[in-house]
Each structure stands twice: as C-alpha cells, then as structure tokens.
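Novice: Have a look at the structure that comes next, please.
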Ligand SMILES: NC(=O)c1ccc[n+]([C@@H]2O[C@H](COP(=O)([O-])OP(=O)(O)OC[C@H]3O[C@@H](n4cnc5c(N)ncnc54)[C@H](O)[C@@H]3O)[C@@H](O)[C@H]2O)c1
C-alpha cells in the first residue's frame, strides 16, 4: 500500500474510459485525480450517461462510438466498466488495436475467454489487468499480513458474508457479480486455489438469475471457506471471520474498525491420563490495528499506470483474474448440478 501510494510516474498515461453506468464514473473521478493518468475520452452507448459525466468534466471528450477510441492513436489504454457479457469483445478489440486494458471484474465471461485475452496481451506486449479492487484495500492487506506472519497460527476456516439489498444484475448471477470480490480476496490471502468447490443458489426474484448463493470451498491443506453472496438481505453485511489455531480475526468492511484481532482460541493439551481430554479455552484481548485511510480504487488505478509505464506485472494480474474465473466457473457448475462437488484444476497438482 505504502509503495503504491508513493509512486511517482515518469510519464502520463492517456486513458479512455468505456462504460459510465453505476461504477464507471468512480473510475473517471479517481483517474482524473491521479498524477499518472490523463482521461482523454469517455464512451457510453447511452447519451444520458455521457451528458451527466460531461457536466462534471466538460474538458473530457465524449463519444458513443467505441471504435473511435480504438482508432485514436493518442489513447494508450482503455478502462472498461461495461456489463460482464461485453468484457471479452471490448477487451479483445482494445488489445488488438494496441491499447493496454484495464477491465472490470470479472475479466471475461469464461476461463477460455480470459485465456484468449491473456494470450493476445502477451503476444502484443500489452498490460491486461482485471479490476480486483479489494487487493488494494488496506484492511484486506492488514489481514493478509496477519495470516502471512503466522500470527493467527494454522488457518482452520474462513467464513464470509457479502449481502445487501440490490443491485440485481439483468445478465449475471450473484456469483459472477459479488463472487469475484471474495474469491480474489481468498486467493490473495492464501496464495492458492481451492481443490474443490460446491454451491447452491436460488433465483428468488428474476427467473433464471440466481440472487442468493452459498458457496463452499476446500483447500489442499484442509482449510475450508464458506462464502455467502446475496442481493436480498435486510441489511448490508461485508463481514469475514478468519479462525486460526492461535488467534481469530473479524474483517468488517462496513465498520470504522474494519479489522479486529481476537486473542481467542481453544487448546487441546495432552491428556494427563489416558483418554482424559480437557479443552482449555482462551478469551484474551481484542486488538484493532490502525488502517491507513487510502482509497483502494486510487491504488488500483495507480498500479495499472505503473504496470504499463514501468512494464511490471500489477498486483491484480491477469493470472489472478484467471484464477478467479476458474473459481466462478466451478461454483456456477456446481450450482447447475444442484450443489455437487466440482474438482478444480488445483486438485490435480
Ligand atoms: N470493482 C468494484 O468494486 C466494482 C463495483 C461495481 C461494479 N463493478 C464492475 O463494473 C462493471 C460495470 O458495472 P455497473 O454496475 O457499472 O454496470 P451498469 O450496467 O450500471 O453500467 C454499464 C454501462 O456500460 C454501458 N455500455 C454497455 N455496453 C457498452 C459498449 N459496448 N460501449 C460503451 N458503453 C457500453 C452501458 O450503457 C452502461 O451505462 C461490471 O463489470 C461490474 O462487475 C466493479
């Protein structure tokens, strides 16, 4: 976090932002403030979206024609924040036109599509970065440090809830909309992919669009995780509990104390007499580490600029995007099969 925050670019990246619905204007706002970026154009099919952004940023060129950005030789990179179903075609066209690409999560609609994008980016020597914003979140990084330092001991399990009322997506299930956040966070924390995945979903409101999902993940070392995703909930929850053999952590992204470390656990000492097991419970202090107040989106987009200026791999790399897609595909497949366990490619290694 600190190193990205202090990044001083050697040049400006000239950027076009595509998709100005719910999320795109946030990307425009943050890019507009970054010292390494120059937003030269914005694009949306909807005239109303263009008019709205034009009132705020009158100097930025507006167009409803994506091809116009592809033809513009002065544009170095495109930032794509359109619906998931359009990511592949737009990102592919951008790469083939020689533009670096930042594409919102999930990177594409399938593992095969993501592999195609990665191959084109590699062939053309271009940066392809998926927008896994939570990899830049200070609390997520604080938890990662706790896990990596061994302070929590062996991680027994992780349980996470990402639920709120809305926003129902017309073309994607809740797994594809909210799942990328938790799957990218789990991958970032654990540095491995689950060996098996199972999921059950229900389409409560719109036929054919699952709006609640319960996903179970199992890892090679025995660690298990449960991910609850829903657009139907009485209140917003962004809460993850990490249970380790030494300490436990609650990460609550809606709290002003987002990370709390509990010196709590249970030990099973060697029995004094054969068969006489006596558990010893520990409920110690609770620590709430200071978390730097930095906006993750700003770090993320700075990392994108740095990746293409310095020709380095961004933290939210295309490889991470591919892993996330493999997890999404496994969860979606299991849900289709009524919750059957699906083995992932990680189970083969
Ligand atoms: N990183 C995050 O935390 C985060 C948060 C919210 C959304 N997102 C992602 O952002 C993306 C967009 O989500 P949203 O909720 O803003 O969707 P949205 O439907 O509100 O907006 C999408 C916009 O794209 C435009 N569009 C569609 N096709 C286009 C095309 N071919 N050319 C130009 N414009 C086109 C639409 O007119 C619309 O204005 C999704 O991938 C979503 O997963 C990321």
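The values are calculated or read from the model by the stated rules, or taken from the named source; none is laboratory data. Just so you know, these numbers come straight off a predicted model, no measurement behind them. Because the Cβ atoms are built from the backbone with ideal geometry, glycine has one as well, and the counts that use them run over all protein chains shown.
Novice: For segment 31-104, give me every one of the strands (runs of 3 or more DSSP E) that falls completely inside it and has 3 or more residues that are within 15 Å of the ligand (Cβ to nearest atom) and over 18 Å from residue 307 (Cα atoms).
Specialist: On the way: elements: 37-43, 61-63, 77-80, 100-104.
So the answer is 37-43, 61-63.
One line per residue, one yes/no per condition, for (1) closer than 25 Å to residue 82 by Cα; (2) within 16 Å of the ligand (Cβ to nearest atom); (3) surrounded by fewer than 19 Cβ atoms within 10 Å (Cβ to Cβ); (4) at pLDDT below 95:
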| residue | (1), (2), (3), (4) |
| --- | --- |
| 106 | yes, yes, no, no |
| 109 | yes, yes, no, no |
| 113 | yes, yes, yes, no |
| 119 | yes, no, yes, no |
| 128 | yes, yes, no, no |
| 135 | yes, yes, no, no |
| 144 | no, no, yes, no |
| 159 | no, no, yes, no |
| 164 | yes, yes, yes, no |
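Novice: Tell me, which residue of segment 12-28 that is surrounded by fewer than 17 Cβ atoms within 10 Å (Cβ to Cβ) and within 21 Å of residue 133 (Cβ to Cβ) is farthest from the ligand (Cβ to nearest atom)?
Specialist: 26
Novice: Next up: Every residue in segment 115-140 that is over 22 Å from residue 189 (Cα atoms) and part of a helix (DSSP H, G or I), please.
Specialist: Hits for segment 115-140 are 115, 116, 117, 118, 119, 120, 121, 122, 123, 124.
Novice: Just one of (1) assigned to a strand (DSSP E or B); (2) under 16 Å from residue 153 (Cβ atoms) trips up residue 260, so point out which.
Specialist: (2)
Novice: Additional query: Out of curiosity, is residue 98 on the phi > 0 side of the Ramachandran plot and buried (at least 23 other Cβ atoms within 10 Å of the Cβ)? Quick ask: steps written out before the conclusion?
Specialist: Working: on the phi > 0 side of the Ramachandran plot: yes; buried (at least 23 other Cβ atoms within 10 Å of the Cβ): no.
Considered against the rule, which asks whether it is on the phi > 0 side of the Ramachandran plot and buried (at least 23 other Cβ atoms within 10 Å of the Cβ), residue 98 comes out as no.
Novice: Another question, if that's okay. Just to check your reading of the model, which residue among 272, 241, 220, 233 is in contact with a strand residue (DSSP E or B) (Cβ under 8 Å, 6 or more places away or on another chain), surrounded by fewer than 22 Cβ atoms within 10 Å (Cβ to Cβ) and assigned to a loop (DSSP other than H, G, I, E, B)? Full working, then the answer.
Specialist: Working: 272 fails: in contact with a strand residue (DSSP E or B) (Cβ under 8 Å, 6 or more places away or on another chain); 241 fails: assigned to a loop (DSSP other than H, G, I, E, B); 220 fails: in contact with a strand residue (DSSP E or B) (Cβ under 8 Å, 6 or more places away or on another chain).
So the residue among 272, 241, 220, 233 that is in contact with a strand residue (DSSP E or B) (Cβ under 8 Å, 6 or more places away or on another chain), surrounded by fewer than 22 Cβ atoms within 10 Å (Cβ to Cβ) and assigned to a loop (DSSP other than H, G, I, E, B) is 233.
Novice: Taking the condition outside any loop (DSSP other than H, G, I, E, B) and more than 12 Å from the ligand (Cβ to nearest atom), does residue 176 pass? So that I can check it myself, show each step before the final result.
Specialist: Numbers: outside any loop (DSSP other than H, G, I, E, B): yes; more than 12 Å from the ligand (Cβ to nearest atom): no.
No; evaluated as a whole, the condition is false for this residue.
Novice: Any idea how many residues of segment 203-217 are without any contact (Cβ under 8 Å) to a residue 60 or more places away in the chain and in a strand (DSSP E or B)?
Specialist: Applying the first criterion (without any contact (Cβ under 8 Å) to a residue 60 or more places away in the chain) to segment 203-217 yields 203-209, 211-212, 214, 216.
Keeping just the survivors that are in a strand (DSSP E or B) gives 212, 214, 216.
So the answer is 3.
Novice: Can you give me the number of residues within segment 180-201 that are more than 10 Å from the ligand (Cβ to nearest atom) and assigned to a helix (DSSP H, G or I)? Before you say what the answer is, go through the steps one by one.
Specialist: Taking segment 180-201 and keeping what is more than 10 Å from the ligand (Cβ to nearest atom), we get 182-183, 185-201.
Now restrict to residues that are assigned to a helix (DSSP H, G or I): 182-183, 185-190.
Qualifying residue count for the region: 8.
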